[in-house]
Amino acid sequence: MDIAEDRISELPTEIILMILSALTIREAARTSVLSRRWRSAWTSTPVLNICLDSLQSFSCNWANIVDSVLSRHHGPISTFWLDRMIWCSSEDLNRWLSMLSSRVIEDLVIDFYDQYVPYTVHPSFFSCSTLVSVELSSCRLEMPTDFNGFRFLKLLSLKTVTLTDTILQAIVSQSERLEDLTLIDCEGLSKIKIVASNLFNFHLFGVFTEVDLSGSLNLKDLFINWDDDENGVWPLRQIIMGLTKLESLSVTGFLLHGFKNLDWPAELAIWKPRPGRRIDPRSAN
């Protein structure tokens, strides 16, 4: 038993942190019983994965547990996952985001799990200047007037998020390194205008009156899931005109219009996912 404990204690710090980073915060805290060296190791892991499912047995005080984790943690937090946050209060969420905004955080994933009243993300989120990847679900975004952009942001995914066209344009245009953008069933958007010179991948799900990608000419991968409008057709030609660097186009959910009149790049792969077969654009009606 002593030999086993010694072996665990002698693991390099980098290996210990790598192991802890793959665990939920509850699982990481349980490793404290392994040895003295592991007792507080979880307080310096760069990845915090806080999932409501893993805290169900603490139903009365799980918010206090999150407070304790964040207050006791020292060192950078590169990744923060907050998943299935159903019963937490706005005050709790505001406090945690404020605490995170003072840390060097790179990857942020927050899933509010379809709350009946969407949580309005605290303004401190917009001051997390070191963010590289952001995934938000089931919340509302209201941008402060002093927002200066996310200069390191490369990936942005918004699912059932409520925001305006203006806020989306501001976030995208002030994130100069943005390469990957996903919008899934977001509320409040009507005229989508994406100006992002480094954007390579754009996935769009929902119903909109207009999509303008003329400011994103380096797009390589475009996926559009669009429900039929009242006329039964939608001008795909208008969206992709000028996107000469497209390598993959996937469309579903609406009637394609004007395919044979488009000047398609020879290397473009075109898919209509629902039938599951390749479309030859030069022979399409």
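The values are calculated or read from the model by the stated rules, or taken from the named source; none is laboratory data. Everything quoted here is computed from the prediction, not taken from an experiment. Methodologically, a virtual Cβ is constructed for each residue, glycine included, from the backbone with ideal geometry; neighbour enumeration extends over all protein chains shown.
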Note on the range 97-112: residues under 13 Å from Leu70 (Cα atoms) and either touching a helix residue (DSSP H, G or I) at 6+ places or on another chain (Cβ under 6 Å) or assigned to a strand (DSSP E or B) (or both) are Leu97, Ser98, Met99, Ser101
Flagged in the range 135-178 as under 24 Å from Asn225 (Cα atoms) and small (Gly, Ala, Ser), in numbering order, are Ser137, Ser138, Ser157, Ala170, Ser173
Result of the Cβ filter at 8 Å on the range 242-253, keeping first residues that are of a type in the set (S, T, N, Q) and partners that are not in a strand (DSSP E or B), at least 6 apart or interchain, is Thr244/Leu217; Thr244/Pro265; Ser248/Lys220; Ser248/Leu268; Ser250/Pro273; Thr252/Pro273; Thr252/Arg274
*On the given criteria, is Asp185 charged (D, E, K, R), under 14 Å from the mean Cα position of the chain (by Cα) and modelled with pLDDT under 95?*
yes
Checklist line | Selection status of Leu199, crowded, with 18+ Cβ neighbours inside 10 Å, in contact with a Pro (Cβ under 8 Å, 6 or more places away or on another chain) and at pLDDT 85 or above | finding: no
**Message:** Could you go through the range 239-246 and let me know if any residue there is of a type in the set (Ser, Thr, Tyr) and either under 29 Å from the mean Cα position of the chain (by Cα) or at pLDDT 80 or above (or both).
**Reply:** yes
Given the conditions (1) surrounded by 18 or more Cβ atoms within 10 Å (Cβ to Cβ); (2) in contact with a strand residue (DSSP E or B) (Cβ under 9 Å, 6 or more places away or on another chain), every one holds for Glu142 apart from (1)
Scanning the range 147-166 residue by residue, those of a type in the set (A, V, I, L, M, F, W, C) and either surrounded by fewer than 19 Cβ atoms within 10 Å (Cβ to Cβ) or within 14 Å of the chain's Cα centre (by Cα) (or both) turn out to be Phe147, Phe150, Phe152, Leu153, Leu155, Leu156, Leu158, Val161
request  = Using the structure shown, decide if Leu131 is part of a strand (DSSP E or B) and closer than 24 Å to Phe200 by Cα.
outcome  = no
Sole miss for Phe152 among (1) part of a strand (DSSP E or B); (2) of a type in the set (Phe, Trp, Tyr); (3) in contact (Cβ under 8 Å) with a residue 40 or more places away in the chain is condition (1)
Expected single match for at pLDDT 90 or above and among the hydrophobic types (A, V, I, L, M, F, W, C) among Phe152, Phe112 is Phe152
Only one of (1) under 18 Å from the mean Cα position of the chain (by Cα); (2) surrounded by 15 or more Cβ atoms within 10 Å (Cβ to Cβ); (3) at pLDDT 85 or above does not apply to Asp92, and that is (1)
Is at least one residue of the range 205-219 closer than 24 Å to Leu243 by Cβ, crowded, with 20+ Cβ neighbours inside 10 Å and under 15 Å from the mean Cα position of the chain (by Cα)? no
